[in-house]
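A.B. asks: Supplied in structure tokens, the structure appears directly below.
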Amino acid sequence: MTCAVNPGKSVTKSEIAEKCNASKNHLGQVIRHLGRLGYVRAMRGRNGGMYLAMPADEIRVGAVFRVFESDLPFAECFDEKENNCPLIDSCWLRPALHMAVESFYETLDGIRLSDLVEGNGKLEDLLNMPVGKAMGSGRKGDGGCIARGGAGLA
């Protein structure tokens, strides 16, 4: 979301940490993972920063949540390694919970990153960064944070 409200600017991990009250170490791990998956491009060094690698309207929030949350068990009975629940073979709540979790992700699949930022003035006020190094050419789909439809995520 920070890239989306800062089109044309390279956004740093430190800037995001300050604006979002987040750990720089944790953000570094998240940014590396998002980079490996092709959501962001990050450059290291003094003039480093990051920007989206794809347009915000092509990023589904559900897909991003699945990347970071799907391996965390919703309840103990969802944990294949450490499941000590004695009801596992007779519990009818487990399949209902599974359907509810899937509905949660399906709902998020219907939301694009661009839906979260476009026209959200309060978010822009919170995440607006000082003028930085321009990234990308501004063409839709080039990965730059130039146009509203081509920015977002981290």
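Only the coordinates and a few stated rules stand behind these numbers; no lab work does. In this text, all values refer to a predicted model and were calculated from it rather than measured experimentally. In this analysis, Cβ positions are derived from the backbone assuming ideal geometry, glycine residues included, and neighbour counts consider all displayed protein chains.
A.B. asks: Restricting to region 36-52, name every residue that is touching a strand residue (DSSP E or B) at 6+ places or on another chain (Cβ under 8 Å) and either of a type in the set (D, E, K, R) or under 13 Å from V11 (Cβ atoms) (or both).
C.D. replies: Matches in region 36-52: V40, R41, A42, M43, G48, G49, M50, Y51, L52.
A.B. asks: Moving on to the next point. For region 67-113, which residues satisfy the criterion of being over 21 Å from L34 (Cβ atoms) and polar (S, T, N, Q)?
C.D. replies: N83, N84, S90, S103, T107
A.B. asks: Can you pull out every residue in region 6-22 that is of a type in the set (A, V, I, L, M) and in contact with a strand residue (DSSP E or B) (Cβ under 7 Å, 6 or more places away or on another chain)?
C.D. replies: The one that is of a type in the set (A, V, I, L, M) and in contact with a strand residue (DSSP E or B) (Cβ under 7 Å, 6 or more places away or on another chain): V11.
A.B. asks: In region 98-114, how many residues are farther than 12 Å from G62 by Cβ and within 15 Å of the chain's Cα centre (by Cα)?
C.D. replies: The qualifying residues number 1.
A.B. asks: Continuing with this model, one more query. Which numbered condition in (1) polar (S, T, N, Q); (2) within 24 Å of A4 (Cβ to Cβ); (3) touching a helix residue (DSSP H, G or I) at 6+ places or on another chain (Cβ under 7 Å) is the only one that T107 fails?
C.D. replies: (3)
A.B. asks: So which of G48, G35 ends up being closer than 20 Å to L127 by Cβ and over 15 Å from the mean Cα position of the chain (by Cα)?
C.D. replies: G48
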